[in-house]
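Asks: Quick one: the structure is below, and I'll ask about it shortly.
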Amino acid sequence: MNVEYKYVLIKKYDEFGFEENQGRKKFLRFEIFNILKEVEELDSEDFHIWGLTYYMSDDNREHNKNLALEKFLEAYKLDSTNFLACLYVAHCFHDKGEFQNALKYYELVNKKDLKEFQVWRYVKLIEQIGFCNYKLGNQTLGRKQFQEVLEWYRKLPIEDRAVPTEMLQCLADSDEIVIEMKEIEDYLD
């Protein structure tokens, strides 16, 4: 297979990502896997897309998360500059409740590149690091990171903000950070 597969692969993945019909989504995932099976030597981006097709699937979540983790790890192993693969490795561990492993990979993410790519993902990363620290017993550090998230929310436009779900899971409604966050994000009330 020649390099034109990459164009087709990305096009199929984009369709997969926006598809809401589960039957069609499953079919697109099958097509993506067939494209990847034909590639002689997969690169980091290929493994990352493969991992995303598992990660974004709704059927058999636990099994798919494990398969996604394998693919993201392979992507990161092939190219340690693939900051999104590293981020998704962390997400997989986070989803499994393995916060020490999640924190390890969250800390490895190239924050400068992530911030340039999408600032909302960068701010979310700070929140997820805070969440892991908080859950691992370092509430002081976690709270400091949540404070940093709040500072970002004060200055970011609405389209560059993600719902601060992890922070809200850790801090009480009466916490001053949460109170101010709810003033900024009025939908949280």
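The values are calculated or read from the model by the stated rules, or taken from the named source; none is laboratory data. Here the structure is a predicted model, which is why all the values come from computation and not from measurement. Counting neighbours? That spans all protein chains shown, and the Cβs are built from the backbone with ideal geometry, glycine included. Please note that ligands, DNA and RNA were not included when accessible areas were found on the heavy atoms of the full protein model with its side chains. Shrake-Rupley method; radii C 1.70, N 1.55, O 1.52, S 1.80 Å.
Asks: So which of Arg61, Arg24 is open to solvent by 30 Å² or more (accessible area, probe 1.4 Å) and over 20 Å from the mean Cα position of the chain (by Cα)?
Replies: Checking each option against the conditions leaves just Arg24.
Asks: Kindly check whether there is at least one residue in the range 85-104 that is in contact (Cβ under 8 Å) with a residue 12 or more places away in the chain, of a type in the set (Ser, Thr, Tyr) and surrounded by fewer than 18 Cβ atoms within 10 Å (Cβ to Cβ).
Replies: For the range 85-104, residues in contact (Cβ under 8 Å) with a residue 12 or more places away in the chain, of a type in the set (Ser, Thr, Tyr) and surrounded by fewer than 18 Cβ atoms within 10 Å (Cβ to Cβ): absent.
Asks: Modelled with pLDDT under 95, outside any loop (DSSP other than H, G, I, E, B) and either more than 25 Å from Arg61 (Cα to Cα) or aliphatic (A, V, I, L, M) (or both): does that describe Ile179?
Replies: Judged against the criteria, Ile179 is a match.
Asks: With respect to the numbered conditions (1) assigned to a loop (DSSP other than H, G, I, E, B); (2) open to solvent by less than 40 Å² (accessible area, probe 1.4 Å); (3) modelled with pLDDT of 90 or more; (4) not acidic (Asp, Glu), which one is the sole condition not fulfilled by Phe33?
Replies: Of (1) assigned to a loop (DSSP other than H, G, I, E, B); (2) open to solvent by less than 40 Å² (accessible area, probe 1.4 Å); (3) modelled with pLDDT of 90 or more; (4) not acidic (Asp, Glu), only one is false for Phe33: (1).
Asks: Identify the residue in the range 1-24 that is at pLDDT 90 or above and basic (Lys, Arg) and, among all such residues, is nearest to Leu69 (Cα to Cα).
Replies: Lys12
Asks: Could you please let me know if Leu42 is assigned to a helix (DSSP H, G or I), open to solvent by less than 60 Å² (accessible area, probe 1.4 Å) and among the hydrophobic types (A, V, I, L, M, F, W, C)?
Replies: Considered against the rule, which asks whether it is assigned to a helix (DSSP H, G or I), open to solvent by less than 60 Å² (accessible area, probe 1.4 Å) and among the hydrophobic types (A, V, I, L, M, F, W, C), Leu42 comes out as no.
Asks: Would you point out the residue of the range 151-189, among those that are more than 15 Å from Glu127 (Cβ to Cβ) and among the aliphatic types (A, V, I, L, M), that is most open to solvent (accessible area, probe 1.4 Å)?
Replies: Among them, the one singled out is Ile158.
Asks: Mind checking whether some residue in the range 1-13 is under 22 Å from the mean Cα position of the chain (by Cα) and open to solvent by 50 Å² or more (accessible area, probe 1.4 Å)?
Replies: Yes, because at least one residue in the range 1-13 is under 22 Å from the mean Cα position of the chain (by Cα) and open to solvent by 50 Å² or more (accessible area, probe 1.4 Å).
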